[in-house]
């Protein structure tokens, strides 16, 4: 028996007004995401990937189509951007617990949940550090913990490692994979990296040039947990070629 989707997107279109009949960012985009599934979106620059995340987050209203969260009237959304966007006047712990404070949760409960997140993302010992004292990878761990602390139904990741150097970025793939397996959240991630998408995702959806439509929906049938050396296997290479051909 198939698991019903947690998210269904049907015939989604987004047109930005301009002086030339409107800029079509997405057109007739349709896909489903199952609970606890990790889905990556790949595509050329300008194909509407970030626009899609903004629609899913409720930041942007679509021009046409619908976004349905099955059995969730008010879904909780967590989002991590390319830049960590930490508040420089708040410590690591205070940055992480901010979403709880906005929900009116303070005191010992907020501190306990913040400590759980700090342990999950491997930042023990840095609770009282300021953002200026953190590396890029550590800052993104804080951002990830902040997005997870209110137990979201859907986690949206907009190229969260895009600004990191290559070595740190690959380390963060392993960390994100570990965190996802520990929490089993439903994740939609935008990336420009074929290797990143294959290392992390259960499925990779490739978008066309603008306006973005689904060109390929590829199941990533690689075993989990995934270690770094899986990137050098023949099957990984075969999947990478399929994605590269779809993008080109």
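The values are calculated or read from the model by the stated rules, or taken from the named source; none is laboratory data. Because the structure is a prediction, the values reported are computed rather than measured. FYI the Cβ positions are ideal-geometry reconstructions off the backbone, even for glycines, and counts take in every protein chain you see.
In a loop (DSSP other than H, G, I, E, B) and modelled with pLDDT of 90 or more: is that true of residue 140 in this structure?
no
Can you find a residue that is surrounded by fewer than 21 Cβ atoms within 10 Å (Cβ to Cβ), under 13 Å from residue 121 (Cβ atoms), over 12 Å from the mean Cα position of the chain (by Cα) and without any contact (Cβ under 8 Å) to a residue 40 or more places away in the chain anywhere in the range 161-171?
Within the range 161-171, one or more residues are surrounded by fewer than 21 Cβ atoms within 10 Å (Cβ to Cβ), under 13 Å from residue 121 (Cβ atoms), over 12 Å from the mean Cα position of the chain (by Cα) and without any contact (Cβ under 8 Å) to a residue 40 or more places away in the chain.
Suppose we filter 60, 100, 72 for residues that are surrounded by fewer than 21 Cβ atoms within 10 Å (Cβ to Cβ) and out of contact with any helix residue (DSSP H, G or I) (no Cβ under 8 Å at 6 or more places or on another chain); which single one remains?
72
For residue 145, state whether it is buried (at least 18 other Cβ atoms within 10 Å of the Cβ) and under 29 Å from residue 73 (Cα atoms). Give the steps one after another, and end with the answer.
On the way: buried (at least 18 other Cβ atoms within 10 Å of the Cβ): yes; under 29 Å from residue 73 (Cα atoms): yes.
For residue 145, the condition - buried (at least 18 other Cβ atoms within 10 Å of the Cβ) and under 29 Å from residue 73 (Cα atoms) - is met.
Any residue in the range 175-189 that is touching a helix residue (DSSP H, G or I) at 6+ places or on another chain (Cβ under 9 Å), closer than 17 Å to residue 43 by Cβ and in contact (Cβ under 8 Å) with a residue 40 or more places away in the chain?
Scanning the range 175-189 turns up at least one residue that is touching a helix residue (DSSP H, G or I) at 6+ places or on another chain (Cβ under 9 Å), closer than 17 Å to residue 43 by Cβ and in contact (Cβ under 8 Å) with a residue 40 or more places away in the chain.
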